[in-house]
Amino acid sequence: MKRIGFLTFGHYQDVPGSLVLTARDALLQTVELAVAAEGLGIDGAYVRVHHFAPQLASPFPLLAAMAARTQRIELGTGVIDMRYENPLYMAEEAAAVDLISRGRLQLGVSRGSPETVLRGYEAFGYPAARDDGDAGDARRRTSAFRAAIAGAGVAEADPKMTGMTGYLAVEPQSPGLGDRVWWGSGTRATAQWAAEQGMNLMSSTLLVEDTGVPFDELQAEQIAVFRKAWADAGHVRTPRVSVSRSVLPIVSDEDRYYFGLRAQAKGKDQVGKLEGVRARFGKSYIGEPDVIAEQLAADAAVQAADTVLITVPNQLGVDYNANLLENILTLVAPAAGWR
């Protein structure tokens with residue numbers, strides 16, 4: 001049995017056909033979709049994080065609102081670009097959300113994706129500290145964040161105020177949050193690194209490497225590398241692995257109107273250059289439910305993962321996306337062997 005979650009980018013734009021015209025629409029509709037998804041039996045509600053774009057950006061207020069309106073569903077990010085974060089302030093925010101949700105936060109972090117701006121993190125006041133580039137900076141911030149949520153002392157106590165010496169941890173603390181941090185990985189090498197660090201693996205529909213094999217096989221290889229490295233590192237707990245997929249069952253005339261013509265164009269892997277690196281993009285699964293269920297059952301990476309995150313077309317609104325998730329849950333998931 002697989003966990004099934006949805007992942008929303010939270011696009012908003014005042015264009016014909018969109019039901020998400022403003023940032024307020026995007027935020028409130030994300031909360032409502034989480035509520036609806038929980039009622040359907042979906043296991044997770046995840047939000048993408050982008051800066052300098054008309055999409056969801058600051059995740060913690062939104063996740064707190066989602067936590068207050070739900071009881072069971074996992075709440076997560078996929079992913080937070082750590083180059084933009086103050087690790088200690090983020091540790092306070094993450095712990096607060098985790099406490100409000102009673103331990104349901106699943107926090108995906110990483111170096112982030114290509115942006116609309118140059119060195120946006122510098123505009124936020126966080127210039128890269130060393131010469132090992134964006135990836136190194138993101139890893140250092142992640143290490144500091146993980147130490148903080150684990151209760152490490154990070155600031156020297158003032159004896160006049162506290163009557164003690166030594167270092168104090170940030171507050172609040174939420175026990176167990178450290179086991180629910182995921183690294184968003186786009187290569188086999190970064191998957192190995194994530195395993196060595198003891199983080200769960202979050203892999204999307206993009207890999208920034210290409211060996212010529214189909215996307216799902218390359219991603220399954222990435223997962224195998226991760227699991228071997230995890231075992232070699234001797235970690236005690238069992239790690240989690242998620243993959244993202246675009247799954248659009250054609251059930252109604254409305255579905256066919258929106259996505260019918262995309263089935264041929266999006267039904268195969270795409271290979272191209274991303275930030276100067278050859279990358280492979282996974283295909284979308286669009287078609288009759290029984291057909292795409294059979295295809296998903298043959299997807300090597302989906303089979304290897306314990307969690308599948310469904311990317312939703314959020315600009316079509318809450319009702320459409322709730323119906324989409326229900327169709328996946330009832331018509332696709334059982335036939336694909338997920339339920």
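Computed from the coordinates by the stated procedures, all read-outs in this text should not be read as laboratory data. The structure presented is a predicted model; accordingly, all values stated were derived computationally and were not measured. Don't worry about glycine lacking a Cβ; one is built from the backbone with ideal geometry, like all the others, and counts go over all protein chains shown.
Binning the C-alpha pair distances of the chain at 10 Å intervals from 0 yields a P(r) profile of 5, 24, 35, 25, 8, 2, 1, 0 %, listed from the shortest bin outward.
Of all the Cα-Cα pairs you can form in segment 52-210, what percent are over 25 Å apart?
Working: 4336 of 12561 pairs.
Within segment 52-210, distances greater than 25 Å cover 35 percent of Cα pairs.
For the chain, lysine pairs with C-alpha atoms less than 25 angstrom apart, excluding pairs fewer than eight positions apart on the same chain, total 7. Return the percentage of antiparallel bridges among DSSP beta bridges fully within the chain, rounded to the nearest 5 %. Rounded to the nearest five, the antiparallel share is 20 percent.
Taking Cβ atoms as reference points and 14 Å as the exclusive limit, the residues near R72 contribute a net charge of +1, counting Lys and Arg as +1 and Asp and Glu as -1.
The shape of segment 150-268 can be summarised by an equivalent ellipsoid whose semi-axes, obtained from the alpha carbon gyration tensor, come to 43, 21, 12 Å from longest to shortest.
Write down the percent of antiparallel bridges among all DSSP beta bridges whose residues are both part of segment 95-237, to the nearest 5.
If I count the DSSP bridges inside segment 95-237, around 25 percent turn out antiparallel.
In this simple spin-label model, placing a label point 7 Å from the Cα along the Cα-to-Cβ direction at both L21 and D179 gives a separation of 4.7 nm.
With no solvent and one equal point scatterer placed on each C-alpha of segment 95-165, evaluate the Debye formula and give log10 I(q)/I(0) for q = 0.22, 0.26 Å⁻¹, two decimals. Result of the Debye calculation: -1.06, -1.17.
Provide Rg over Rh for segment 207-339; use the alpha carbon set for both Rg and the Kirkwood Rh (inverse mean inverse pair distance). Using Cα coordinates only, the ratio equals 1.01. For K160 and Y89, the difference between the fully extended length at 0.36 nm per residue and the C-alpha to C-alpha distance is 23.1 nm. Taking 0.36 nm per residue of separation and subtracting the current Cα-Cα distance, fully stretching the chain between V291 and Q270 would add 5.5 nm. When the square roots of the Cα gyration tensor eigenvalues are ordered a ≥ b ≥ c, the ratio a/c for segment 1-104 is 1.5 or more and a/b does not exceed b/c, which makes its shape oblate. Label separation (R237 vs T116): 3.6 nm, computed from points 7 Å beyond Cα along the C-beta direction. Taken about its Cα centre, the chain carries a charge dipole of about 420 debye when Lys and Arg each add +1 at the Cβ and Asp and Glu each add -1 at the Cβ. The gain in end-to-end length when the D253 to A150 segment is fully stretched comes to 32.0 nm, 0.36 nm per residue minus the alpha carbon separation.
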